[in-house]
């Protein structure tokens, strides 16, 4: 169903693009390398189970939770909207 100036399937392409961007952002934030034994921020010990479950971990659970809260504040504004949708 094309609407206005948008080509067929443009809405689905926009949705797919938004999901791909979110996945890339999430993958880029995954830790890599050797896990630390102590948190970078507060120097608390990182449990071995956490280090094994998430290779490359650098923060304890409390510090990681706080970082996640700060990062979730950023909005999910889609900059790839078509000109047609911007003119409405």
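Bear in mind these aren't lab numbers, they're just calculated from the coordinates by the rules spelled out. Small disclaimer: the values here were computed from a predicted structure and weren't measured.
A few comments on the model shown:
- Mean sequence separation of contacting Cα pairs (under 8 Å, at least six apart), scaled by the length of the stretch 30-71, corresponds to a relative contact order of 42 percent.
- Per residue, the Cα convex hull of the stretch 30-71 amounts to 64 Å³.
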